[in-house]
Amino acid sequence: MQWDDELNAGFSDSENGTWLDIAPDYSTVNLQQADTHSTISQYRALSLLRVAELALSRGWFCFVWSDVNVFAYLRELDGLNKAFLVVLNFGKDTTTDLSSVTELPDTLTVHLSTVPISPKTFSKSRIPTSQGQGLLLEYSTNQRFHPNHASECYVSEKACYLPALDILYKC
């Protein structure tokens, strides 16, 4: 990845160039950094979010839904009153109905989308996605999905969050 659109993509101010060749489109690629929906901005936001949100880095991974267009899973952590639903559209534009997932609240808030969208909240019975779109939906709940769906959930190392002390511990 280039650092900027200056000479040698910002790696060196040498007139002789750099040790490795610079991509010819480096000045165009750098325009992505200002675009909040560019690929690099999405990766940056997801990386920061993974560090900031315990449920995304340490929580349960649970399969929720799949059809010919959409794959959906959630991330939750015991003791944390927040969870995330990830909806990925690998097919055609569609609307997904997750009303059969009783552990999900009726309203989900868009935390991140790979394309600009409005509104910023969706009913779990009507989650629209376009081809290639990814949604990270956040919701508050104390009800967990994984206890009732053990065969659809995985965790690498079980951990719990204790909000009173703001600690993560093995449970």
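Read-outs: derived from the displayed coordinates by stated rules, not from any lab. Nothing here was measured: the structure is a model prediction, and the numbers come from that model. Here the Cβ is made from the backbone with ideal geometry for all residues, glycine too, and neighbour counts use every protein chain on show.
Which FRET efficiency, nearest 0.05, do Leu46 and Asp13 yield, Cβ-Cβ r, R0 30 Å?
Details: r = 32 Å, r/R0 = 1.08.
Approximately 0.40, to the nearest 0.05.
Computed from Cα atoms, the angle from the helix 39-52 axis to the main principal axis of the chain rounds to 50 degrees. Applying 1/(1 + (r/R0)^6) with r as the Cβ-Cβ distance of Lys92 and Lys120 and R0 = 35 angstrom yields a FRET efficiency of 0.90.
When only the Cβ of Lys, Arg, Asp and Glu is charged (+1, +1, -1, -1), the dipole of the chain relative to its Cα centre reaches about 900 debye.
Per residue of the chain, what 222 nm ellipticity follows from adding -39500 (n - 2.57) for every DSSP H run with n ≥ 4, rounded to the nearest 500?
On the way: 3 runs with 23 residues, N = 171.
Taken over the chain, the calculation gives -3500 deg cm²/dmol.
Loop exposure criterion: trypsin sites (Lys or Arg not before Pro), DSSP state outside H, G, I, E and B, at most 16 other Cβ atoms within 10 Å. Applied to the chain, the longest stretch between such sites is 1-91. In whole Å, what is the distance between the alpha-carbon centres of segment 47-119 and segment 122-171? So the two Cα centres are separated by 8 Å. Would you tally the net charge around Asn69, using a Cβ to Cβ cut-off of less than 10 Å, leaving Asn69 out, and scoring K and R as +1, D and E as -1? Its environment carries a net charge of -1.
Once the Cα gyration tensor of the chain is diagonalised, what are the square roots of 5 times its eigenvalues, in whole Å and ordered largest first, as equivalent ellipsoid semi-axes?
Details: eigenvalues 270, 94, 36 Å².
Computed over the chain, the values are 37, 22, 13 Å.
Checking the cross-link pairs Lys120/Lys158; Lys92/Lys124; Lys82/Lys158 against a 21 Å limit on the alpha carbon distance flags Lys120/Lys158 as lying beyond it.
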